[in-house]
Amino acid sequence: MRVLFISEWIKTTSTKMWWILALVAAGFTVLLGIVPGILLSGLDESLGLSDPAAMAQLWSSLGGALVIALILGIVAMTGEYRHKTITDTFLTEPRRLHLVTAKAAVQAIIGIAVAVTCVVLGVGAALALLPTQTHAPIDWALVGEISVGVLVAFALYAVLGVAVGALINNQVVAIVIGLLWVVFIEPIVVGFLPDVGKWLPGGAASSILQGTTASGADLLSPWLGGLLLLAYAAVFAVVGAQTTLRRDIT
């Protein structure tokens with residue numbers, strides 16, 4: 001298993017994809033999360049950061065690029081099919097659940113690295129811009145809790161991405177389905193069934209990030225949200241390894 005992990009690590013870190021997506025995630029966090037959240041508060045009093053709850057919501061936006069972690073995991077798994085290396089990989093390691101586990105472990109670490117980038121640049125941007133606006137005092141304990149939550153959420157979403165890629169081995173289809181779920185399907189489900197939303201992957205992630213929902217529905221506790229998201233990733237990974245990955249790859 002150690003050799004398999006090292007092999008997967010080299011496969012991932014020897015390409016540019018992971019750090020390109022890391023930069024995209026950081027840009028998304030800063031330019032579409034932190035910066036608008038602070039600057040818009042000066043234009044609309046209802047968005048003011050003088051309320052500690054508004055500040056908490058600002059910090060939860062540090063995890064706004066979670067979908068990038070999902071894509072990282074999908075690309076890691078489906079890239080084997082796209083580049084026609086999957087046959088050699090399975091000949092080297094025929095125990096496909098072991099392969100999925102190794103990929104998931106590597107992508108979890110990469111997800112954490114991406115999350116660290118987002119947190120560092122996001123907090124840095126916030127500290128640079130917050131003095132320009134009236135805001136509640138910074139609760140550094142909360143910032144620390146949410147930052148840890150970002151690391152956990154990114155790691156689990158990367159694992160979930162590997163699991164999705166194991167189920168749907170076509171890279172384009174897997175990414176499109178993942179994006180559709182995150183951007184359209186889950187928000188629609190939550191809109192009609194708000195109490196169900198906290199049990200979905202996005203709701204679990206929001207729990208970890210200590211965020212809020214548009215419907216105002218209650219979320220799970222952060223630790224329970226983390227367990228739920230881990231369960232999603234584990235179930236998808238096992239199903240993917242036992243079904244889709246058993247099909248003929250030639």
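Failed condition for Lys103, given (1) modelled with pLDDT of 85 or more; (2) farther than 26 Å from Leu227 by Cα, with all others met?
For Lys103, the failing item is (2).
What number of residues within region 10-25 are within 19 Å of Leu97 (Cα to Cα) and within 19 Å of the chain's Cα centre (by Cα)?
Adding up the residues that qualify gives 1.
Any residue in region 215-233 that is of a type outside the set (S, T, N, Q), buried (at least 20 other Cβ atoms within 10 Å of the Cβ), over 17 Å from the mean Cα position of the chain (by Cα) and part of a helix (DSSP H, G or I)?
no
Considering only residues of region 173-214 that are surrounded by fewer than 16 Cβ atoms within 10 Å (Cβ to Cβ) and assigned to a loop (DSSP other than H, G, I, E, B), which is modelled with the highest pLDDT?
Trp199
Results for (1) within 14 Å of Gly73 (Cα to Cα); (2) touching a Leu at 6+ places or on another chain (Cβ under 6 Å); (3) of a type outside the set (A, V, I, L, M), shown as yes or no for each residue.
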| site | (1), (2), (3) |
| --- | --- |
| Asp139 | no, no, yes |
| Gly149 | no, yes, yes |
| Leu167 | yes, no, no |
| Gln171 | yes, no, yes |
| Phe184 | no, no, yes |
| Gly202 | no, no, yes |
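Pick from region 94-148 the residues that are of a type in the set (A, V, I, L, M) and not in a helix (DSSP H, G or I): which of them is nearest to Trp18 (Cα to Cα)?
This residue is Ile138.
Starting from region 15-27, keep only residues that are in contact (Cβ under 8 Å) with a residue 24 or more places away in the chain, then list their pairs with residues that are of a type outside the set (A, V, I, L, M) and open to solvent by 60 Å² or more (accessible area, probe 1.4 Å) whose Cβ atoms are within a distance under 7 Å, requiring at least 6 positions of separation or different chains.
Between residues of region 15-27 that are in contact (Cβ under 8 Å) with a residue 24 or more places away in the chain and residues that are of a type outside the set (A, V, I, L, M) and open to solvent by 60 Å² or more (accessible area, probe 1.4 Å), there is no close pair.
Anything in region 160-186 that is closer than 13 Å to Ala204 by Cβ and either hydrophobic (A, V, I, L, M, F, W, C) or in contact (Cβ under 8 Å) with a residue 40 or more places away in the chain (or both)? List them, or say none.
Leu160, Val182
The values are calculated or read from the model by the stated rules, or taken from the named source; none is laboratory data. Since we're looking at a predicted model, the values are computed, not measured. Neighbour counts are summed over all protein chains in view; Cβ atoms, including those assigned to glycine, are modelled from backbone coordinates with ideal geometry. These area figures cover heavy atoms from the full protein model, side chains too; ligands, DNA and RNA do not enter into them. Shrake-Rupley method; radii C 1.70, N 1.55, O 1.52, S 1.80 Å.
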